[in-house]
Amino acid sequence: MQFTFISTSKETTQRLGAFIASRFVRGDVVLLKGDLGAGKTTLTGGVAKALAIQDDVISPTFNIMKCYFKGTLPLYHIDAYRLEGQNIELGLEEFIEGNGVCFIEWPQYIEPLLPDEYLTITLKNAGDDHREITLEGNNAHFDDIVAAVKGEFK
Ligand SMILES: Nc1ncnc2c1ncn2[C@@H]1O[C@H](COP(=O)(O)OP(=O)(O)OP(=O)(O)O)[C@@H](O)[C@H]1O
Ligand SMILES: [Mg+2]
């Protein structure tokens with residue numbers, strides 16, 4: 001199932017993150033696609049807040065991964081941007097489909113490590129503060145999340 005809407009502000013994108021956060025279960029994987037500055041980290045920040053994670057989510061571009069353990073569910077935030085063309089044998093699999101929820105920016109650079117089932121969220125700059133956001137699930141659980149988003153953000 002797929003659903004697309006326009007987010008008109010950073011806050012709306014964060015609200016989307018907060019809305020989906022409560023629907024995640026351990027082991028869930030979310031692929032975040034979109035260009036530099038599309039809003040992937042901003043969305044993840046909304047998720048973190050709703051999981052009662054106090055720390056600000058910052059772009060882990062220089063860290064590859066940041067882990068947040070203090071919320072209601074562990075959050076693993078991977079930014080694979082710097083892994084393009086690199087050796088990806090870093091043991092990231094342990095966190096992808098691990099005991100928390102895992103958000104992956106630039107997932108195309110770690111394609112071989114990705115599981116079979118995930119929610120894909122694609123963000124596209126649509127001018128000024130507008131972002132076209134498309135959600136697509138590839139199993140029943142993620143389809144339920146997409147359907148709930150459709151009801152809320154239509
Ligand atoms: N509707 C919107 N949704 C999300 N971010 C928005 C929106 N409007 C403006 N912005 C701004 O766009 C920027 C998005 O930056 P962010 O770091 O989230 O992008 P990113 O996709 O993670 O980029 P990168 O690939 O470099 O990590 C922020 O400065 C944010 O304030
Ligand atoms: Mg980012």
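The values are calculated or read from the model by the stated rules, or taken from the named source; none is laboratory data. Nothing here was measured: the structure is a model prediction, and the numbers come from that model. Neighbour counts run over all protein chains shown; Cβ positions are idealised from the backbone, glycine included.
Data overview
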| quantity | calculated |
| --- | --- |
| Options 48, 38: the member that is within 12 Å of ligand 1 (Cβ to nearest atom) and either of a type in the set (Val, Ile, Thr) or at pLDDT 95 or above (or both) | 38 |
| Qualifying positions in segment 96-108 - within 14 Å of ligand 1 (Cβ to nearest atom) and surrounded by fewer than 19 Cβ atoms within 10 Å (Cβ to Cβ) | 108 |
| Candidate set: segment 67-95, residues that are surrounded by fewer than 18 Cβ atoms within 10 Å (Cβ to Cβ), outside any helix (DSSP H, G or I) and charged (D, E, K, R); chosen: the one farthest from the chain's Cα centre (by Cα) | 89 |
| Matching residues in segment 1-11 - criterion: being within 18 Å of residue 129 (Cβ to Cβ), of a type outside the set (A, V, I, L, M, F, W, C) and either without any contact (Cβ under 8 Å) to a residue 40 or more places away in the chain or more than 8 Å from ligand 1 (Cβ to nearest atom) (or both) | 4, 11 |
| Residue list for segment 28-66, restricted to those being surrounded by 20 or more Cβ atoms within 10 Å (Cβ to Cβ) and basic (Lys, Arg) | 40 |
| Selection from segment 101-144 of residues that are assigned to a strand (DSSP E or B) and among the acidic types (Asp, Glu) | 105, 132, 136 |
| Qualifying residue in segment 23-40 (condition: touching a residue at least 60 places away in the same chain (Cβ under 8 Å) and in a helix (DSSP H, G or I)) | yes |
| Any pair with Cβ under 8 angstrom, 6 or more apart, that starts in segment 42-62 at a residue that is free of Cβ contacts under 8 Å to residues at least 60 places away in the same chain and part of a helix (DSSP H, G or I) and ends at one that is more than 14 Å from ligand 1 (Cβ to nearest atom) and polar (S, T, N, Q) | 50/22 |
